[in-house]
Amino acid sequence: MTTFPILSVTTFLPLVGAAFILLIRGTPEEVARNARWTALWVSLITCVVSLFIWFGFDSRTPDFQYQEEAQWIADFGITYRLGVDGISMLFIPLTTLLTIICVLASWESITERVREYMVAFLAMETMMVGMFSALDLFLFYIFFEGTLIPMFLIIGIWGGPRRVYSAFKFFLYTLAGSVLMLLAMLAIYSEAGTTSIPVLMTHRFPESMQTWLWIAFFASFAVKVPMWPVHTWLPDAHVEAPTAGSVILAGVLLKFGGYGFLRFSLPMFPVASIELAPFVFGLSIIAVIYTSLVALAQEDMKKLIAYSSVAHMGFVTAGTFTFTPQGLQGAIVQMLSHGLVSAALFLIVGVVYDRMHSRLIDSYGGLVSRMPAYAIAFMVFMLASVGLPGTSGFVGEILVLVGLYQVSPVAAALVATGVVLGAAYMLYLYRRIVFGKLTKDGLAKILDLSPREIAVFAPLILLVLWIGIYPAPVLDVMHASVENLISQIDAARGSALAMAGR
Amino acid sequence: MAVAVVLLPLLGGLIAGILAFATPANHDARHTVDRLAQYVTCAAMIVAALLAVAVFYDVAVRGNVGTDDLFRWIESGTFEVSWAVKMDTLSALMIMVVSVVSSAIHVYSIGYMHHDPSIPRFMSYLSLFTFCMLALVTSDNLVQLFFGWEGVGLMSYLLIGFWYEKPSANAAAIKAFLVNRVGDFGFALGIFATYLMFDSVDFDAIFQAVPGKADATMRIFGGEFHAITVVCLLLFVGAMGKSAQIGLHTWLPDAMEGPTPVSALIHAATMVTAGVFMVARLSPVFEYSDVALTVVTIVGATTALFAASVGCVQNDIKRVIAYSTCSQLGYMFFACGVSAYSAGVFHLMTHAFFKALLFLGAGSVIHALSDEQDLRKMGGLWRLIPVTYVVMWIGSLAGAGIWPFAGYYSKDIILEAAFASGTTVGQFAFWVGAATACLTAFYTFRLLILTFHGAPHADEAVMARVHESPAIMLWPLIFLAIGAVTAGFVGYSAFDGEGADRFWGEAILIFDSHPALEHAHHVAPWVKFLPLSLSGLGIAIAVLLYAIRPTLPDAIARTFPGLHKFLLNKWYFDELYDMLFVRPSFALARNLWKTGDEAIIDGFGPNGLASGTLNLASRAGALQSGFLYHYAFAMLAGVVILVSWYLFSRLG
């Protein structure tokens, strides 16, 4: 192929940048400064490149685009294969944008081992972009699991006081999940004889096998999402992670699970997906109601937002398994929206944490009188989080619920209670932090957003409103791929029914 | 042109919003910024109002109905929604009422908020609020309606909590948003049900498809239900929240924590009328469900009486008027419930004028009394603030439904229609409505007398500072007073008289089998006179109790302490909800967290496993190396297994 390998470039550019940063020499201050600037430029360029993927994307076809193929481990039939379709494409600009924001958000708050920190983030960017564009099972596995290494380091080295416990928990959960996924991949391999994802997506696995494979993948994805009851690693990981770590964790890593369902569970195991959908709905409903309630009781801002993430991802899983255009598109939009909004909310926490070094809600109050710009940024993301029409959160939630209602009105009603509860915990949080009289010690001189912080929030605010008011460009991109996926599932449903009828 | 009406307040609001961030160097610069924000928002609003009048003429009189599609919003499968501005008589009327009343409130706010440090922010909120309401009433689909619906909810949250340092204002703001969200939850389900049924959320498509689905059923909780009834009831839950009907009304009286112009804006022209508007807009759907209409009637009538009964004993001047709003909205709903939608909308319009007048008048009183809101500390003001006194009289007469003021005409036609509907619930609504008319007149005049007559109860320092409001506040009052006098007899024939059919065009559908409005014009004379005389009776009682024998009210309260406390505490709704929902939610939340997550899931899951593997881990060294090493090892092992499996299956 003579075309420009844009996916490989987007994937590996950050890694090249990381290598470059490792070469920086000089006094510790110089190294830190150069590492920051290099990371910023690399992430900016990567983001610009990734936008060209979007610009050149043909949204009329459900096929994989920008495909790249190279023999890798030829003897074993493993190929280096990249490509994106309407489901995966938008996650790449999301990842590259959030990486820039992470670099900016860590500009002043990270002062130790800056070089290693930036290397970890750029390496992670490579893994994440690679995960979304991998079209080979083996390659996917490497990227999917590989992300955890930098994330580990970020929590473990730059994390808070309980980082040992948190990282340990993270480790146990994910390991349990990925062992099962690995077994499933082996089974897929032996059954289909290929590791090519496009081929596997059209391969018809025997129904008896589908259920087991589905469950094995589910174990891994459910931990990632995370779904109730395997969510308890998330609040701890967030609390201990540095701000940018939380941003990338909430913004991109959680999407791995949702993406995994769309890329593997639905197309490869449609019959099992249909059969087990009620089980997913059940878990999603519990996730939404349970974690929303738990969020209401939190005293730590980061924990509250972490729990709200679980609730919002409950919408994603519920929408995915409706197999309706609205449910699926809603799930994807909800993931993109949550990527922006929860990332922004962690940044919002980070802003005051950097100033006051406390995550406790009780140590704040009345910030609006000293920090009006902060208050309005917080307000926008709070509203997006509660799904107010005109913000990105609404588009995702309403589409998911429209889809879910067609499958089960009762399930939709139960999930929709999350909308009321979500408003309750977010408004309650906002009131305790932003409104009221500013009386707490140390707050009297707190400063409003700096220009750097405004630069961090401005693009996020614009995107949240843009997707909220004019989501058509986003929805158009995924339209064809989603329709294709649904017709695949419908075909499977049809033949399964025919089999049963016989 | 209609598009401009909707967008002008948005533009004004955004400009004022940007001005709110200006940090002027000195007092004069601050003043200039404030002025600029006021001028921009008021100018945008007044131009919008003038355009709205022109649009109304164009649409309602010359019949130029139509829809302007702006751009696509959400499209997924057959779920297609656009941003649009729909114009028919109902929308045109609403944008006119909303923008005209809102203009008056904008201008009034210049005077009322004079001393406030955040003027640009306030003006911005007012304009954005108006924009959301305009987007709501001009929607051509349920989802944009929902945008406006939630939008006014948000803006009211911001406005009620405008004085953010007051804990009570914050609590009221959150309460308003949450109670509305509960309603919106129902509304959203209604949208989903509509889409499932009609495969569209556009009004025109829905209305066309309704006849074909008249007998369709829907399966919920294992039972078969009449689908249109389900849809209507779900949507009506939203209307109950937004229009503060019994059960979901608790936020409205608390909303009085906001600045008074906000109360006028929320309670007169916008937001609370959204529910009534929605039912009228969806008349082609509600007509197909007698059950839904019956529910609407009962809820409306009950709210009318309940709120009026509470209004009789409240001591905060704004709370009395707030309960009055609840009660009047009840009238509008039971009008819709007996298929007299146009009567409901008519009352919505007259009410917009006299209620905005009453609130702004009350604001003028509060302003004069140095922010005193307690009726027991007022009295003897009428000579001191004569203009306010006169306009309050006009507002009160209109509110009490005395001929020839605006409220008389609209309330009259509603009660006649209820009586003429020929149904049992219609009769119920009529009698309840008539009794409520008596209570309405009573509390309205109680307020008037306690405020302006009798001996002054404020202390001398306050009384010495009592002054009439500035002209910038009085002119809007006079303007609204003219509306409160004339809106009734000017509108009557077009809305519900001879020209009604031509006037409404296709905006409202009424079945021939629901002839309440037809028959309303032919009811026995006593049906007309009974409410009017009951109103007179209410006024007489108020005069007796508060002007002639001022010791009597306390004596009555002492004689019936239970009843008095019951009313004073607003039928204990707040306490009930606190006990049923708020406390259990927080208790459950803590339990799920501490027991569910920490004790059960973590206890048996990771922590349980952890204690088993911790040994291993500690031997492996520090975390960074230890777990990473384990992890990488596990991954490598995975790769090895993968490769070996492959080799075995190939070679073996």
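The values are calculated or read from the model by the stated rules, or taken from the named source; none is laboratory data. The shown structure was predicted, so the numbers you read here are calculated from the model rather than taken from an experiment. Counting neighbours? That spans all protein chains shown, and the Cβs are built from the backbone with ideal geometry, glycine included. Each accessible area value is taken on the protein alone, full model and side chains, heavy atoms only, with ligands, DNA and RNA left out. Shrake-Rupley method; radii C 1.70, N 1.55, O 1.52, S 1.80 Å.
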Point to revise | Förster radius 41 Å - calculated FRET efficiency between B:ASP574 and A:ALA192, Cβ distance, rounded to 0.05 | key: 0.05
Check your understanding: Given a 1.4 Å probe, how much area per residue of chain B is accessible, in Å²?
Key -> 37 Å²
Check your understanding: How many nm separate the modelled label positions at B:GLU506 and B:TRP526, each set 7 Å beyond the Cα in the direction of the Cβ?
Key -> 4.4 nm
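Ignoring everything except DSSP H segments at least 4 long, calculate the 222 nm mean residue ellipticity for the protein assembly as shown; use -39,500 (n - 2.57) per segment, divide by total residues, nearest 500.
Using -39500 (n - 2.57) per qualifying helix, the result is -23500 deg cm²/dmol.
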Study note, to complete from the structure: From the Cα centre of region B:530-591 to that of region B:1-47, the distance in Å is 41 Å
Review point. Ranked by accessible surface with a 1.4 Å probe, highest first, in what order do B:PHE428, B:PHE79 come?
Key: B:PHE428, B:PHE79
Revision key, fill the gap. Between the alpha carbon centres of region A:54-78 and region B:294-333 the gap in Å comes to 65 Å
Review point. Kirkwood Rh, Cα Rg: Rg to Rh for the protein assembly as shown?
Key: 1.01
Check your understanding: What do you get for Rg/Rh of region A:6-501 when both radii come from the Cα atoms and Rh is the Kirkwood radius?
Key -> 0.96
Review point. Based on the alpha carbon coordinates of region A:406-502, what radius of gyration and maximum Cα-Cα distance (Dmax) apply, in Å?
Key: 23.5, 76
Review point. So what's the gap between the Cα centers of region A:151-178 and region A:352-414, to the nearest angstrom?
Key: 27 Å
Point to revise | Stokes-Einstein D for chain B, Kirkwood Rh over Cα pairs, 4 °C, 1.567 mPa s (µm²/s) | key: 49 µm²/s
Review point. What's the buried accessible area, both sides, between B and A using a 1.4 Å probe, rounded to 100 Å²?
Key: 7300 Å²
Check your understanding: For a label point 7 angstrom out from the Cα of A:SER450 toward its Cβ, which stretches of region A:15-51 have the backbone nitrogen within less than 18 Å?
Key -> A:29-41
Review point. Share of region A:6-501's accessible area from carbon and sulfur, percent, 1.4 Å?
Key: 67 percent
Study note, to complete from the structure: In degrees, nearest 10, the alpha-carbon axis of helix A:372-385 is tilted away from the dominant principal axis of the alpha carbons of chain A by 20 degrees
Point to revise | Spatial extent of region A:1-73: Rg and Dmax, with the Cα atoms as the point set, Å | key: 16.3, 53
Study note, to complete from the structure: Over 30 Å (Cα to Cα) among B:LYS318/B:LYS565; B:LYS528/B:LYS565; A:LYS224/B:LYS594 -> B:LYS528/B:LYS565
Exercise for review: Net charge near B:ALA37: determine it from the other residues with C-beta under 12 Å of the C-beta of B:ALA37, scoring Lys and Arg +1 and Asp and Glu -1.
Suggested key: +1
Study note, to complete from the structure: Between the modelled labels at A:ARG370 and B:PHE225 (7 Å from Cα along Cα→Cβ) the distance in nm is 5.1 nm
Study note, to complete from the structure: Averaged over the residues of A:188-200, the number of partner chain Cβ atoms within 10 Å of each residue's own Cβ comes to 1
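Residues with beta-carbon under 14 Å from that of B:VAL3, excluding B:VAL3: net charge, scoring Lys, Arg +1 and Asp, Glu -1?
-3
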Study note, to complete from the structure: With all protein chains present, chain B has a carbon and sulfur share of its accessible area (1.4 Å probe) in percent of 68 percent
Check your understanding: Hey, with R₀ at 56 Å, roughly what FRET efficiency would B:ASP58 and B:GLU598 work out to, going by the Cβ-Cβ distance, to 0.05?
Key -> 0.30
Point to revise | Cα long-axis angle, helix A:392-407 against chain A (0 to 90 degrees, to the nearest 10) | key: 30 degrees
Check your understanding: Put simply, what bits of region B:193-238 lose 30 Å² or more of accessible area when the other protein chains are there, versus the chain on its own (1.4 Å probe)?
Key -> B:TYR195, B:LEU196, B:PHE221
Exercise for review: With only Lys, Arg, Asp and Glu charged, each at its Cβ (+1 for the first two, -1 for the last two), find how big the charge dipole of region B:323-426 is about the Cα centre; round to the nearest 20 debye.
Suggested key: 120 debye
Study note, to complete from the structure: Computed from the beta carbon distance with a Förster radius of 56 Å, FRET efficiency for B:THR23 and B:ASP459 to the nearest 0.05 stands at 0.90
Review point. Averaged per residue, what accessible area in Å² does region A:334-383 show with a 1.4 Å probe, protein chains only?
Key: 24 Å²
Point to revise | Stretch gain in nm, segment B:LEU11-B:LEU537, where the contour uses 0.36 nm per residue and the Cα spacing is subtracted | key: 184.5 nm
**Study point:** Burial order of peptide ranges B:429-440, B:4-15 (average beta-carbon count within 10 Å, highest first)
**Key:** B:429-440, B:4-15
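Partner chain Cβ atoms within 10 Å, averaged over the residues of B:147-153 - can you pull that number for me?
Other-chain Cβ atoms within 10 Å of each residue's Cβ, averaged: 3.
Contour minus end-to-end for A:ASP490 and A:TRP37, with contour as 0.36 nm per residue of separation and end-to-end as the Cα-Cα distance?
In short, 158.0 nm is gained.
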Revision key, fill the gap. Percent of all alpha-carbon pairs of region A:32-172 at distances over 19 Å, whole number, is 59 percent
Check your understanding: Kirkwood Rh, region B:212-277, all Cα pairs: how many Å?
Key -> 13.8 Å
Study note, to complete from the structure: Note: probe point = Cα of B:PHE581 + 7 Å toward Cβ; backbone nitrogen < 15 Å; residues of region B:230-246 passing the test are B:237-246
